[in-house]
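Heads up: the structure comes next, in structure tokens.
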Amino acid sequence: MEAHKIILKPLLTEKAVAAGQDTNTYAFEVAPTANKIEISKAIENVFKVKVLKVRTARRKGGRRRYGYKWMEEPAVKRAYVTLAEGDRIDLL
């Protein structure tokens, strides 16, 4: 797969940005079929950094309530990428 089809978007939540500053870990939403090796290579190619570790997490989709409505949410896969010392990704 192409790198831009693997990395869908960065996650810019308050917790993810704090982790990026403290532990040099960045969060991305990735393709559901991508594995850790593909994610690592895609991050290294796109941002020109050295990846030390990749952790992934899946959130199951399904029906969720928002007030009085029921909404369908898609399944999401996130990747938490730890970079080598001295490497940074400027997302803002």
May I ask you to derive the relative contact order of the chain, considering only C-alpha pairs under 8 Å and at least 6 residues apart, and to give it as an integer percent? 31
Output for the range 54-83: trypsin sites (Lys or Arg not before Pro) sitting in coil per DSSP, at most 14 other Cβ within 10 Å, listed by number, reads LYS60
Taking the Cα centre of the chain as origin, sum charge times position over the Cβ atoms of Lys and Arg (+1) and Asp and Glu (-1), and report the length of that vector in debye to the nearest 20. 540
With DSSP loop assignment and no more than 14 other C-beta atoms within 10 Å, the GluC sites (Glu not before Pro) in the chain are GLU2, GLU85
Which one of ILE43, PRO32, LEU91 is farthest out on the positive end of the charge dipole of the chain, using unit charges on Cβ (Lys, Arg +1; Asp, Glu -1) and the Cα centre as origin? PRO32
Loop only by DSSP, 13 or fewer other Cβ within 10 Å of the Cβ. Give me the chymotrypsin sites (Phe, Trp or Tyr not before Pro) in the chain that pass, ordered by residue number. TYR68
Simple label model, 7 Å out from Cα along Cβ direction - THR56 to THR23, nm: 1.9
Can you compute the helix-only [θ] at 222 nm over the chain? Use -39500 (n - 2.57) per DSSP H run of at least 4 residues, normalise by all residues, nearest 500 deg cm²/dmol. -7500 deg cm²/dmol
Hey, what D do you get for the chain in µm²/s if you plug the Kirkwood alpha-carbon radius into Stokes-Einstein at 37 °C and 0.692 mPa s? 234
Report the FRET efficiency, 1/(1 + (r/R0)^6), for LYS69 and ASN45, where r is their Cβ-Cβ distance and R0 is 35 Å, rounded to 0.05. 0.30
Can you list the aspartates and glutamates whose alpha carbon sits under 16 Å from that of LYS50, skipping same-chain ones fewer than 8 residues off? GLU38, GLU85, ASP87, ASP90
³J(HN,Hα), Karplus 6.51/-1.76/1.60, whole Hz, each residue of the range 15-27, x for Gly, Pro: 5, 5, 5, 5, 5, x, 6, 7, 10, 6, 10, 10, 10
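Every number here is computed from the coordinates shown, using simple stated rules; none is lab data. All values derive from a computational prediction rather than experimental measurement. Don't worry about glycine lacking a Cβ; one is built from the backbone with ideal geometry, like all the others, and counts go over all protein chains shown.
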